[in-house]
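Please read the structure below before turning to the comments.
No value in this document is a laboratory result; all are computed from the given coordinates. Only a predicted model underlies this, so the values are computations on that prediction, with no experimental measurement involved. Don't worry about glycine lacking a Cβ; one is built from the backbone with ideal geometry, like all the others, and counts go over all protein chains shown.
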Amino acid sequence: MDRGAGRFAPSPTGPLHLGSLLTATASWLDARARGDAWYVRIDDLDTPRNRPGATDSILASLDCHGLHWDGPVRYQSARIAVYERALADLAARGCVFFCSCSRRTVGSQRIYAGNCRARRAPTPDCSIRMRVDEVAVDFDDLVCGHRYEVLAETVGDFVLRRRDGIIAYPLATAVDDGAGEITRVIRGRDLLASTAAQLLVIDRLGLTRPAYGHVPIVVNTAGQKLSKQTHAAPLDPSRPLANLRLVLEALGSPAAAAPAGTSTELLAAATGTWSIDHLPATDPVAPS
Ligand code: GLU
């Protein structure tokens, strides 16, 4: 069988914190334990949210924790033409419509009410939405088990290209993850809810579904996901081994306390014992 591949796909909105290190480590271990490749993709399409220096800081942080990647780093900003072609393809298949609703109109709707569903031609400043019919999407998550979702009831017609012209996350990530090269997407459980929409895009474009595994996310003592918004502390680059031990413990790895003088040695021990079955059922809480 061909060699598979995993990937870590951070948005360059700030430095890595313990939560993003956990996701990166889980994905890295899963790939390395299988002898797969592991790629880093920078999800930098949402330019207003990008922070100067964040990509360099993320890459330096991965490197200093021994999470070395294969091949060149990929940048979504370099692939806009590919996403535009996918959008044109979806349009040709009748899967999209043009939406001129203002943010104010749709902001209060939990699920988009479908005002513009009949719009087949663009208007100035319109977004492009995926037409979500009553289809169910199902998949077997490697960690969370079987999932079944009727997108019309959970998400509705979701945005593929925003009014400001920016390609939205479900389209870009589906095109990249569905291109056939990535075989396993191991990422945080907060993204479980966005998977069915990505699978719908993958299926409609006739792309290849990777397997998905959504791992626990690190939360703070208030139960909130560690993130820039919740003021998560950046990783201290002077203690990579201690950071990795915390993360391995949170992943239920028997190697968390293994003797190791370097990150690389500790990761080697963790690779040898990696199993999705060790993951805890509940989200680990970051030390305060
Ligand atoms: N770029 C997304 C984020 O940082 C993650 C994308 C993904 O893993 O699918 O939240």
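Need the C-alpha centroid separation for region 142-207 versus region 12-80, integer Å.
19 Å
Rounded to the nearest 0.05, what FRET efficiency is calculated for Thr221 and Asp190 with R0 set to 22 Å and r the Cβ-Cβ distance? Present the calculation step by step, with values, prior to reporting the outcome.
Working: r = 18 Å, r/R0 = 0.80.
Plugging the Cβ-Cβ distance into 1/(1 + (r/R0)^6) gives 0.80.
Sorted by mean Cβ packing within 10 Å, highest first, what order do the peptides 79-88, 59-68 take? Could you put the intermediate results ahead of the total?
Details: 79-88: 15.7, 59-68: 18.6.
The peptides rank, most packed first, as 59-68, 79-88.
Sticking to Cα atoms, compute the Rg of the chain to one decimal and its Dmax as the biggest Cα-Cα distance, whole number, in Å.
Final numbers for Rg and Dmax: 19.5, 63 Å.
Please sort 214-226, 241-253 by packing, taking for each peptide the average over its residues of neighbouring beta carbons within 10 angstrom, highest first. Mind showing how you got there, number by number?
Numbers: 214-226: 17.5, 241-253: 20.6.
Descending packing order for the listed peptides: 241-253, 214-226.
Tyr148 to Ala113: extension gain in nm, 0.36 nm per residue of separation minus the Cα-Cα distance? Could you put the intermediate results ahead of the total?
On the way: separation 35, 0.36 × 35 = 12.60 nm, distance 2.21 nm.
Fully extending the segment from Tyr148 to Ala113 adds 10.4 nm.
Just round it to a whole percent: the fraction of Cα-Cα distances in region 125-252 exceeding 25 Å.
On the way: 3101 of 8128 pairs.
In whole percent, the long-distance tail amounts to 38.
Please give me, ordered by residue number, the GluC sites (Glu not before Pro) of region 103-168 that lie in loop per DSSP and have at most 12 other Cβ atoms within 10 Å. Working shown, then result.
Values: sites: Glu134, Glu149, Glu153; in loops: Glu134.
Taking region 103-168 and a limit of 12 other Cβ atoms within 10 Å, the loop GluC sites (Glu not before Pro) found are Glu134.
Any idea how far apart Arg74 and Thr230 come out in nm if each label point goes 7 Å out from Cα toward Cβ?
Between Arg74 and Thr230, the label points sit 2.9 nm apart.
Based on DSSP, what percent of beta bridges with both residues in the chain are antiparallel, to the nearest 5? Before the final figure, lay out the partial values.
On the way: 15 of 28 bridges.
Given both bridge residues lie in the chain, the antiparallel proportion sits at roughly 55 percent.
Highest mean first, what order results for 23-31, 172-180 on Cβ atoms within 10 Å? Kindly include the intermediate steps, with their values, before the conclusion.
Working: 23-31: 26.2, 172-180: 22.6.
Answer by packing, highest mean first, reads 23-31, 172-180.
For region 1-78, place one equal point scatterer on every Cα, skip the solvent, and apply the Debye formula. What is log10 of I(q)/I(0) at q = 0.11, 0.18 Å⁻¹?
-0.27, -0.70
Taking the Cα centre of the chain as the origin, how large is its charge dipole in debye, to the nearest 20, when only Lys and Arg (+1) and Asp and Glu (-1) carry charge on their Cβ atoms? Could the numbers behind the result be given before it?
Working: 32 positive and 31 negative charges, 188 e Å.
So the magnitude is around 900 debye.
For Tyr212, what residues show an amide H to amide H distance below 5 Å, using hydrogens built from the backbone and excluding near sequence neighbours?
So Tyr212 has HN proximity to Leu142, Val185.
Using the Cα centre of region 85-160 as the reference point, and only Cβ charges (+1 on K/R, -1 on D/E), how large is the resulting charge dipole? Debye, rounded to the nearest 20.
Details: 11 positive and 10 negative charges, 115 e Å.
Result for region 85-160 is approximately 560 debye, rounded to the nearest 20.
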